[in-house]
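Student: Dropping a structure here in structure tokens format, bear with me for questions.
The values are calculated or read from the model by the stated rules, or taken from the named source; none is laboratory data. All figures in this text were calculated on a predicted structure; none of them were measured in a lab. All Cβ positions, even for glycine, are placed from backbone atoms using ideal geometry, and neighbour counts span all protein chains on display. Surface accessibility is based on the protein's heavy atoms, side chains included, excluding ligands, DNA and RNA. Shrake-Rupley method; radii C 1.70, N 1.55, O 1.52, S 1.80 Å.
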Amino acid sequence: MKELSPECDLAYDLTQDAPALLEGLPDTPATKHAWLERRAHLEAAYAEEQARQHLVAASKHDESRVRADALTQIEKLRSEWRLISQKLDAVQSQFFPVSDDCPKVFRAWQRQVEARQENHTERKTEIEREIAEMAREHREEVGTARLDWRGHARPLTSLIWELTGSSRRTREEAWRVVSQEYYRLAPFREERFSRMVNLRREWAPPTEGDDFRALVFRQAGLDALDAATCRQYAEACEKVVVPALRVRDERHRRFLGVEVLYPWDMQVPAYQAPPPLGDNPKDLIPIGERLFEAMDPELHAWFKTLVENQCMHIETWPDSTAESFLVMRDLTGLPYLSLTLTTSWTDLHLLLQELGKAFHYLACRHRPTHFDRNPSTGSLLMASYALELLSMEYWDHLYPNPRDCNLAKREQYERVLALLPRFARLDRFESQIYHMPIQSAVARCQLWCDLDERMGRTCDWFGLEHLHAVQWHQERGLLETPFSSIEHALALLVALDLWMTARAQGTPEAISQFKELLALGNARGQNAILRDWVATHGTWEGRLGEVVEALTAELTLLDQALD
């Protein structure tokens, strides 16, 4: 791993500037502008120090005590910064009572400061800390949980080979072991989730047209995405996407030669799994170089920048869970990407997703403010999905055997088709939970089963009802990143728009548009992206119909090539 530069040590000294920013309010346009620039510099200093601590944690994967100390320091730094940031928000929100009076370069930032400032009361700050602590506990629990797989302790999410292998007996055994472990943990997770939902309901009581969802979207700069829009998306998915997905499920059943599909049949590829791209995860570096050299000179240059500056760390661990870690080192202008891979065919997806985010940071690193240089979660997700989809035309550079290439493409299109209703189902589940006056584990589990019957896969749960009811516990975002599933959906739809452009006008044109979006950073904002999407396409149902038709057409061609 590359040594940290001296500039990083200098960066954290800048946090001593915070008290000065809280002394006396600037009262002229020039001094206000200067104050905003100083705060932006301070935000960059904090981001750099946070990145430093994350790098320490990532580099000590095999030294549990050192890694734990680094993670503790990260939480401490985050807590300290939260308090400083709240005080700075209070000052900044007084500058421009109307955000449009703010200098244009800071306007989107000012709107988010105003949204956060609404919640900086003593009780809401206390609630925020409690929720953050519960989310941290959940992350730790997921990371440390182990199950017994044939006499060996394995991470809870590490049985990817067993769950996707050709042996139906092994798949069933692996699925039952994993599901029984989630069922064993269910009482603890249900109790934690009830506490968390009740705290969020106290923070933003559900009322007509406003609730915790609205609060989350305002703070994310996505207030144009309201409950009605989310409901329309779910209804369109149920009407247009789910029937197409169930046609694919029926084909999957016939191909496997089984009477009914059980849960352990849903992850196995219909034909066979694409081969891994290499026996050693580091093989992905020259493979990635081949791919991006074929795709586009600028994408290739970004990839080389990451490699040559040692901004990528790729490793694998015995019986490991695939995971990723990406952080932007703001003052150096370079992201740092760490990947733990499994040497399976799924490694390609994780690599491309994280590289999409890293390319986003590189594309906008020269923008004037820290806020603009740090894209929103939704924008980063769009970059992830788009890079995956746009790279597919060039996967023959990854898979010399045409059949292997077709297998990989088929799995990718099947995955994308399944994601669209999955995001809708999660959003409906979460939305209805927050409007339950009394939190009940039984009611939540019944709601999940009902939604899964309407919007899920064609799957027989007879005799497995108790395990079906807690399948939602595997969705980490419900506890850690509330209402994020609709952000994923919007990001995927924007990425699919670029993919549709590639089909109609050629991939080079779509890549050009992709890079233009990345270069905007946070300047354009998710509201503008959503409004543009709605203005262009009119209704969810119409555009989803076009997307599903295109995806199923590609799948049909691949099926014919593989049969």
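Student: When the Debye formula is applied to the Cα atoms of the range 355-455, each taken as the same point scatterer, what base-10 log of I(q)/I(0) results at q = 0.20 Å⁻¹?
Tutor: -0.98
Student: Take every Cα pair under 8 Å in the chain that's 6+ residues apart, average their separations, divide by the length, and report that relative contact order as a whole percent.
Tutor: That works out to 19 percent.
Student: What number, rounded to the nearest 500 deg cm²/dmol, is the helix-based mean residue ellipticity at 222 nm of the chain, given -39500 (n - 2.57) per DSSP H run of at least four residues and division by all its residues?
Tutor: After summing the helix terms and dividing by the residues of the chain, the value is -21500 deg cm²/dmol.
Student: Can you tell me the relative contact order of the range 36-180? Whole percent, Cα pairs under 8 Å, sequence separation 6 or more.
Tutor: 12 percent
Student: Need the C-alpha centroid separation for the range 392-438 versus the range 449-495, integer Å.
Tutor: 12 Å
Student: Using a 1.4 Å probe on the protein heavy atoms, what percent of the accessible area of the chain belongs to carbon and sulfur?
Tutor: Taking all protein chains in place, the chain shows 51 percent carbon and sulfur surface.
Student: Just the number: Rg to Rh for the range 138-232, Cα atoms, Kirkwood Rh, two decimals.
Tutor: Rg/Rh for the range 138-232 comes to 1.16.
Student: Once label points are set 7 Å from the Cα along Cα→Cβ at both residue 170 and residue 28, what is their separation, rounded to one decimal in nm?
Tutor: 7.5 nm
Student: Which entries in 76/282; 87/124; 32/104; 104/515; 304/357 show an alpha-carbon gap greater than 25 Å?
Tutor: 76/282
Student: Just to verify a number: FRET efficiency for residue 539 and residue 260, C-beta to C-beta distance, R0 = 30 Å, to 0.05?
Tutor: Calculated value: 0.30.
Student: Right, next: Could you calculate, for the range 209-281, the ratio of the Cα radius of gyration to the Kirkwood radius, expressed as Rg to Rh?
Tutor: 1.21
Student: Skip the ligands, DNA and RNA, and give the accessible area per residue of the chain with a 1.4 Å probe, whole Å².
Tutor: It amounts to 44 Å² per residue over the chain.
Student: Any idea what the relative contact order of the range 230-341 is, in percent, if you count C-alpha pairs under 8 Å spaced at least 6 apart?
Tutor: Taking the mean separation of contacting Cα pairs over the length of the range 230-341, I get 16 percent.
Student: Which distance in Å, rounded to a whole number, links the C-alpha centroids of the range 103-152 and the range 288-317?
Tutor: Taking the Cα centre of the range 288-317 as reference, the centre of the range 103-152 is 31 Å away.
Student: Still on this structure, please answer the following. Please pull out the direction-averaged projected area of the range 85-199, using the convex hull of its alpha-carbon atoms, in nm² to one decimal place.
Tutor: Dividing the Cα hull surface by four gives the mean projection, 11.3 nm².
Student: Same structure, new question: Give the share of C-alpha pairs in each 10 angstrom bin for the chain, from 0 to the last occupied bin, in whole percents, shortest bins first.
Tutor: 3, 16, 27, 30, 18, 5, 1, 0
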